[in-house]
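What follows is a single structure, written as structure tokens, with notes after it.
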Amino acid sequence: MMCAAQAGQRGRRVALVDHVATIGEKIRISGGGRCNFTNVNASPAQYLSRDPDFCRDALARFTPADFVSMVERHRIPYHEKKLGQLFCDRSAADIIGMLKDECERGRVTWRVPCAVEGVRHDGSGFEVATSQGAIRAMSLVLATGGLTAPKIGATPFGYRLAEQFGLAVTPPRPGLVPLAWKPEDLAHYGGLSGVSVEVEVACGQARFRENLLFTHRGLSGPAILQVSLYWDGKVPIAIDLLPGFDVARWLSVRASGNGRLDNLLAERLPRRVAQAWCAAHDLARPLREVDAAAAASALKSWRVLPSGTLGYNKAEVTTGGVDTGGLSPHSMAARATSGLYFIGEAVDVTGWLGGYNFQWAWSSGYAAAQFV
């Protein structure tokens with residue numbers, strides 16, 4: 001919708017085709033229904049791609065401030081929640097309505113729901129065969145997203161079309177996704193479902209200090225979703241259960257007491273977490289019987305090797321996608337096929353949790369619209 005609206009307002013004749021009956025479902029369900037529509041801190045540093053600099057031009061061309069200006073022009077009330085995350089005060093429907101209004105300003109023609117049956121390029125343009133008849137166009141923009149949330153219409157259509165035109169596709173996988181326990185860990189921690197605790201989670205050089213949420217199947221919450229972008233499925237993640245706290249010193253001071261470690265930790269952690277963690281590590285004993293230094297080290301770097309992710313149905317985004325090596329970072333155009341563009345989640349650019357992926361959608365859509 002962003003690309004269609006901007007191209008239409010440039011005077012281009014635009015047809016927006018979507019196979020689903022309701023436009024903007026991913027916007028509607030985002031942010032608990034309030035749509036975290038951008039992040040004021042968005043910069044290339046918060047995006048992952050095989051080419052880390054690919055997103056730089058588009059993000060600079062259409063910034064979070066530019067999208068906020070549009071939101072304010074449409075008199076949509078919003079607020080900053082934390083860490084630069086901007087949400088609608090009322091509902092995500094405000095953002096959907098705004099984009100539809102912008103499309104109307106651009107005199108965009110809607111073909112919804114309308115299945116695409118095939119695409120052909122004959123050198124002078126594209127012919128798109130659809131369930132509502134053929135469309136001829138000089139430019140074709142693919143804003144087909146990834147594989148996330150198949151229940152609302154996600155398909156691999158964009159990847160297949162990219163391959164049809166000779167573009168490489170970086171293998172997609174679920175991103176910003178909860179992680180699943182191994183059976184032995186589930187036995188210890190499965191009963192903690194619904195308990196949340198602030199932690200620092202690390203995977204390689206990536207570190208995030210936010211809340212972790214225990215679920216009946218594994219680990220979720222902002223800290224886990226963020227680190228899932230960096231987890232390769234092979235190495236453990238490291239969880240600091242007491243970030244910013246000198247556990248070793250604290251335990252050494254308390255070492256002479258008769259209290260059990262799990263009861264002592266309940267002063268700093270939810271009691272159920274303290275009990276489950278100590279039981280799993282065979283540390284539910286009086287502190288005088290515990291190696292305090294080893295216990296402190298384990299609390300500051302709890303190593304967890306998940307069995308996998310909870311998949312596309314639970315993921316916020318799809319990582320991977322159309323390889324940026326075959327696209328122009330200025331226009332989002334395919335280098336080898338004149339008039340073909342890929343934008344948004346379909347491209348191998350993935351942002352952190354917190355409005356970054358919506359900003360990439362707006363920025364890449366705007367960039368392509370200037371060239372179609």
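The values are calculated or read from the model by the stated rules, or taken from the named source; none is laboratory data. In this text, all values refer to a predicted model and were calculated from it rather than measured experimentally. Positions of Cβ are backbone-derived with ideal geometry, glycine not excepted, and every protein chain shown enters the neighbour counts.
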**Asked** Within the stretch 269-289, how many residues turn out to be loosely packed, with under 15 Cβ neighbours inside 10 Å, in contact (Cβ under 8 Å) with a residue 24 or more places away in the chain and over 18 Å from TRP250 (Cα atoms)?
**Response** 1
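This table checks each residue for (1) more than 23 Å from LEU161 (Cα to Cα); (2) touching a His at 6+ places or on another chain (Cβ under 9 Å); (3) assigned to a loop (DSSP other than H, G, I, E, B).
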site	(1), (2), (3)
GLY321	no, no, no
ALA336	no, no, yes
GLU345	no, no, no
ASN357	no, no, no
PHE371	no, yes, yes
**Asked** Counting only residues that are without any contact (Cβ under 8 Å) to a residue 60 or more places away in the chain and of a type in the set (S, T, N, Q), how many does the stretch 23-65 have?
**Response** 2
**Asked** Hey, does the stretch 224-234 have a residue that's closer than 19 Å to LYS300 by Cβ and either free of Cβ contacts under 8 Å to residues at least 40 places away in the same chain or hydroxyl-bearing (Ser, Thr, Tyr) (or both)?
**Response** yes
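When you look at SER331, is it more than 23 Å from VAL235 (Cα to Cα), touching a residue at least 40 places away in the same chain (Cβ under 8 Å), assigned to a helix (DSSP H, G or I) and of a type in the set (Ser, Thr, Tyr), yes or no? Give the steps one after another, and end with the answer.
Working: more than 23 Å from VAL235 (Cα to Cα): yes; touching a residue at least 40 places away in the same chain (Cβ under 8 Å): yes; assigned to a helix (DSSP H, G or I): no; of a type in the set (Ser, Thr, Tyr): yes.
No: the conditions fail for SER331.
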**Asked** Looking at the stretch 136-171, which of its residues are in a helix (DSSP H, G or I), in contact with a strand residue (DSSP E or B) (Cβ under 8 Å, 6 or more places away or on another chain) and not polar (S, T, N, Q)?
**Response** PHE157, GLY158, TYR159, LEU161, ALA162, GLU163
**Item:** Residue within the stretch 174-191 that is loosely packed, with under 15 Cβ neighbours inside 10 Å and under 27 Å from ILE29 (Cα atoms) present
**Value:** no
**Message:** If I ask for residues that are surrounded by 14 or more Cβ atoms within 10 Å (Cβ to Cβ), part of a helix (DSSP H, G or I) and of a type in the set (Gly, Ala, Ser), which ones from the stretch 56-86 would you list?
**Reply:** ALA58
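Take GLY365 and decide whether it is closer than 30 Å to ALA65 by Cβ, over 13 Å from the mean Cα position of the chain (by Cα) and not hydrophobic (A, V, I, L, M, F, W, C).
So GLY365 fits the description; yes.
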**Message:** Within the stretch 212-223, does at least one residue satisfy the condition of being without any contact (Cβ under 8 Å) to a residue 40 or more places away in the chain and charged (D, E, K, R)?
**Reply:** no
**Asked** Within the stretch 201-242, restricting attention to residues that are within 19 Å of the chain's Cα centre (by Cα) and of a type in the set (Asp, Glu), which residue is surrounded by the fewest Cβ atoms within 10 Å (Cβ to Cβ)?
**Response** ASP232
**Complete:** Checked ASP57, ASP53, ASP18, ASP66 against criteria (under 19 Å from the mean Cα position of the chain (by Cα), under 19 Å from SER364 (Cα atoms), among the charged types (D, E, K, R) and assigned by TED's automatic domain parsing to the domain that holds GLY325); the one match is ASP53
**Prompt:** When ALA292 is evaluated against the numbered criteria (1) surrounded by 20 or more Cβ atoms within 10 Å (Cβ to Cβ); (2) in the same structural domain as LEU229 (by TED's automatic domain parsing), which criterion, by number, is the only one it fails?
**Reply:** (1)
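Based on this model, can you work out whether ALA334 counts as in the same structural domain as ASN258 (by TED's automatic domain parsing) and not basic (Lys, Arg)? Before the answer, list the steps.
Working: in the same structural domain as ASN258 (by TED's automatic domain parsing): no; not basic (Lys, Arg): yes.
Against the criterion (in the same structural domain as ASN258 (by TED's automatic domain parsing) and not basic (Lys, Arg)), ALA334 does not qualify.
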**Request:** Would you be able to tell me the number of residues in the stretch 79-124 that are polar (S, T, N, Q) and touching a residue at least 60 places away in the same chain (Cβ under 8 Å)?
**Result:** 2
**Prompt:** Do we find a residue being within 30 Å of LEU269 (Cβ to Cβ), in contact (Cβ under 8 Å) with a residue 40 or more places away in the chain and among the hydrophobic types (A, V, I, L, M, F, W, C) anywhere in the stretch 351-364?
**Reply:** yes
